[in-house]
Amino acid sequence: MKKKAWGLSKTIGSFFTKQHKLMEDFPERYSYNPTQRWNAELESYFSNAYGPQNFSRISKALTRPSCYSCIRVNTLKTTPDAVIDKLTAVLKENRAYISKCDVAGLDNVVFVRGSGPHTINYGYAADGKPPKEVLVSRKCAEAVLRGAQVYVPGVLACSAHVEKGELVAVSVSVEQPGVDGGWGVGITRGTVLQGSQTDPYHLERSGLYIGQGRAMMSRSGMFRVTEGLAVDMSDRVFHLPSFRDVLEGQIFLQNLPSIVAARALDPQKGERILDMCAAPGGKTTAIAILMKDEGEIVAVDRSHNKVQGIHKLAAEMGLSCITPYKLDALKAVCVRNESEDLSDPSCAKDNHGGHIQDSNFMKSEVEKIESITFERLNAEKDFKKAVSNEKANESSYISKADIRKEMRRKRNGPGRNQCLGGKVEKSKGFAPHSFDRVLLDAPCSALGLRPRLFTGEETIESLRKHAIYQRRMFDQAVQLVRPGGVIVYSTCTINPGENEALVRYALDTYKFLSLAPQHPRIGGPGLVGRFEFPDGYAEEWLRPGEEELVQRFDPSSPLDTIGFFIAKFVVGSNEADLQNSSS
């Protein structure tokens, strides 16, 4: 597997050798050379974990996007070869280099090469005057670096007298330390940029120019309207092809480590699987495709709109085995009082459909509840149908508002309350030990996402809060997996406290858990050791021999991925221990 990972590194590394001229001797101000600013205590912590030089490389890598786009092919609808042919035709003008992944287990992955950083001539040398400029927010700039355009909400400031169609330089405003110890942009939306050294925040924009493009509206228009395309980017520091509205349902743009995480879960046909923090649904749909859409995937998220997004993505990809619910993952285990032992149909059904051995009486009662619930639902459907038919016969008048609503629906596609039957279904949780496998892609500090231009607000205290939150979620996951089942835990952060420290907590708290090998394995080893903070708190990481059983993706490595971490646990069959975990 290490040879295959090395081969993949060479494939991805070769993308770097086919770029345009790099920013070598370009003036420092009109260049892209950002500096990642860390909290001092956090920088010391990470330098100790990775070593000063390696952490410096990681910090630099975080400020730049990956040199390629990773595409997961929906093999239930098409093939990687067919997708490559279609993308070659679609991206013909961009002359994109497209290749198939040759690692076993990742044969549904296609790479599309990008390039950068590029030298951009902003035109200031022709007459000695600074170029006209549009200053955007950090979040807008991070999206532009990934291939997006500049939209009105992201514009903060602009040069005077910019007219529609003019060529403008695009720079980014990154948060700066304030006098109160906090961080902020400190620039008022609508500020006029002069481009000279007397210009407010002139120095702060040095080395933070991300490209140039055509203004799609005048300066006054940018600050008069609330939406719309502000700048059409024609020349970028980093070129990454856009896949918006390309082969919908056939491909999904996804980070390589996320695809590996779904593979590591190793889902099988007919199994019942829980995705605890499923939005936006990338890993959920990846699991469904690996199962050939046979089985049941329960996907939960606490956001109504995000659950609707999972509905929409599943429908777009033609997947029927995914059941999304609105549910807080911290309340994923169904807890019933004695008085409501059989009053919750969802919990009863969950017990019945899971791997818990119920008594015949319990099964009988569950079947009765299911039957009554089914009849009641059918009755309600018949009643609603009758009422709707009656109303249709009463009047055929259609208001203009209804017409406009229908036009928006057709233009925008299925949206909130229109995906697969409308309202989001809520859940009160699931019975213990009722899933074969659980994926916990936990909410985290996201310190591995790229490009990331600002990390200053994160502190030791904030990272500890993330870790506590993740442990509580993991406690829920352990209760939900059946004996002999699997838990895959993943994050998109470089923080050992949310990664290796969680593994140490899991293995020390639940003796029936053990780390399992992962396939495919293309990431690096985990961190071994411990770290003692100035306040005396000691953080324990992995022990010797455990580091090769996890996957850590270093954003500065030849794989050029986001920072990511994956751990796979097998649940032992000790019923006493499992019972204790439930209690």
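The values are calculated or read from the model by the stated rules, or taken from the named source; none is laboratory data. All values reported here derive from a predicted model rather than from experimental measurement. A quick note on method: Cβ atoms are made from the backbone with ideal geometry, for glycine too, and the neighbour counts reach across all protein chains shown. When the accessible area is computed, the model is the full protein with side chains, heavy atoms only, and any ligands, DNA or RNA have been set aside. Shrake-Rupley method; radii C 1.70, N 1.55, O 1.52, S 1.80 Å.
Looking only at segment 123-185, where both bridge partners belong to it, what percent of the DSSP beta bridges are antiparallel (to the nearest 5)?
50 percent
By per-residue mean of other Cβ atoms within 10 Å, what is the highest-first order of 69-76, 245-252?
69-76, 245-252
Give the long-range amide H neighbours of residue 564: residues separated by 5 or more places, or on another chain, with amide H under 5 Å away, using H modelled in the peptide plane at 1.01 Å from N.
Here the answer is 553, since their amide H atoms fall under 5 Å of that of residue 564.
For segment 133-236, which whole-number percentage of the solvent-accessible area (1.4 Å probe, protein heavy atoms only) is attributable to carbon and sulfur atoms?
Details: 2450 of 4660 Å².
The value for segment 133-236 is 52 percent carbon and sulfur by accessible area.
Averaged per residue, what accessible surface does segment 133-236 expose to a 1.4 Å probe, in Å²?
45 Å²
Of 171, 229, 190, which is farthest on the positive side of the dipole of segment 133-236, counting Cα position, with +1 on Lys and Arg Cβ, -1 on Asp and Glu Cβ, and the Cα centre as origin?
Of the options given, the answer is 229.
What are the trypsin sites (Lys or Arg not before Pro) within segment 214-247 that DSSP puts in a loop, where the Cβ has at most 15 other Cβ atoms within 10 Å?
Here the sparse-neighbourhood loop sites are 244.
Taking Cα pairs under 8 Å and at least six residues apart, what relative contact order does segment 133-236 come out at, in percent?
36 percent
In terms of modelled amide H atoms, which long-range or inter-chain residues lie less than 5 Å from the amide H of residue 208?
31, 33
Assign unit charges at the C-beta atoms only (+1 for Lys and Arg, -1 for Asp and Glu), then state the dipole size of segment 122-214 relative to its Cα centre in Debye, rounded to the nearest 20.
Approximately 260 debye in magnitude.
Using DSSP, restrict attention to beta bridges with both residues in segment 133-236 and report what percent are antiparallel, rounded to the nearest 5.
For segment 133-236, the DSSP antiparallel bridge percentage is about 70.
Please report the antiparallel percentage of DSSP beta bridges with both residues in segment 459-583, rounded to the nearest 5.
Of those bridges, close to 95 percent are antiparallel.
Reported to two decimal places, what Rg/Rh ratio describes segment 133-236 when computed on Cα atoms with Rh from the Kirkwood expression?
Working: Rg = 13.0 Å, Rh = 13.7 Å.
Across segment 133-236, the Cα-based Rg/Rh ratio is 0.95.
Of 164/312; 139/312; 292/312; 292/568, which sit over 27 Å apart, Cα to Cα?
Over 27 Å Cα-Cα: 164/312.
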